[in-house]
Amino acid sequence: MIEFVFYGRGGQGAKTSGELLAEAALLEGKYVQAFPEYGPERRGAPTRAFVRIDKKEIRLHEPILNPDFTIIFDESLIKLVENKDTVAIINSRSEIKDFKENYVVDATQISYNIFGRPMPNTVLLGSLIKVSNVVKLDSLIKVVEQLFSKKYNQEIVNKNFELVRKGFELVRKV
């Protein structure tokens, strides 16, 4: 079983990222479990999303305390991460080395360049796919197409494809 915890702020897309990852794994025939955890439900408040992926049925029903991968949407949230013995993918320009393994991608700047506003979720998801190899990039792209085309026009869907690919290409180990 591979476990993931996404640390974000309300409105950054941590919950959506967890759902997209879970759907991509389902598409590949894997078993998944995905659930969010909210504090005060307002934009900017810290949130977490949990995802488990396995080749067999998942019977655990509790928060993830020792994730294999931690995805951090905002550097200020690093202090909230309880377990640093994890592979971390961090939205940052800095070379952060607080975890067992550290990867960074400037997801905020990439999203500004493509969308004109901060939307780090699909960038970080592309980076996670590259680092973890838990699902294929094509599976994630299919899920983004399926889920986002229900809510957004094709231009926005295409920009999200570009964000995923940039995250996949530009993530770097520090």
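A few remarks follow.
- Charge context of Val123, other residues only, Cβ under 12 angstrom, K/R +1, D/E -1: +1
- At R0 = 22 Å, FRET efficiency that the Cβ-Cβ distance of Tyr152 and Ala45 yields, to 0.05: 0.35
- Placing dummy labels 7 Å off each Cα toward the beta-carbon, the span from Met1 to Lys100 is 1.6 nm.
- Using the Cβ-Cβ distance between Asn83 and Tyr31 with R0 set to 25 Å, the FRET efficiency from 1/(1 + (r/R0)^6) comes to roughly 0.60.
- Sorted peptide list for 115-125, 90-100, criterion being average Cβ within 10 angstrom, highest first: 115-125, 90-100
- Applying 0.36 nm per residue to the separation of His61 and Phe161 and subtracting their alpha-carbon distance, the gain on full extension is 32.8 nm.
- Here log10 I(q)/I(0) by the Debye sum over Cα atoms at q = 0.08, 0.09, 0.12, 0.20 Å⁻¹ was calculated from the structure, and among (i) -0.25, -0.32, -0.54, -1.23; (ii) -0.21, -0.26, -0.48, -1.45; (iii) -0.43, -0.48, -0.66, -1.32 it sits at label (ii).
- Potential extension, Glu169-Lys142 segment - 0.36 nm per residue separation minus Cα distance: 7.9 nm
- By average C-beta atoms within 10 angstrom, highest first, the peptides 133-143, 58-68: 133-143, 58-68
Read-outs throughout are calculated quantities, based only on the coordinates presented, and are distinct from any laboratory measurement. Every value quoted in this text rests on a predicted model; they were computed, and no experiment measured them. Note: ideal-geometry Cβ built from the backbone for every residue, glycine included; neighbour counts use all protein chains shown.
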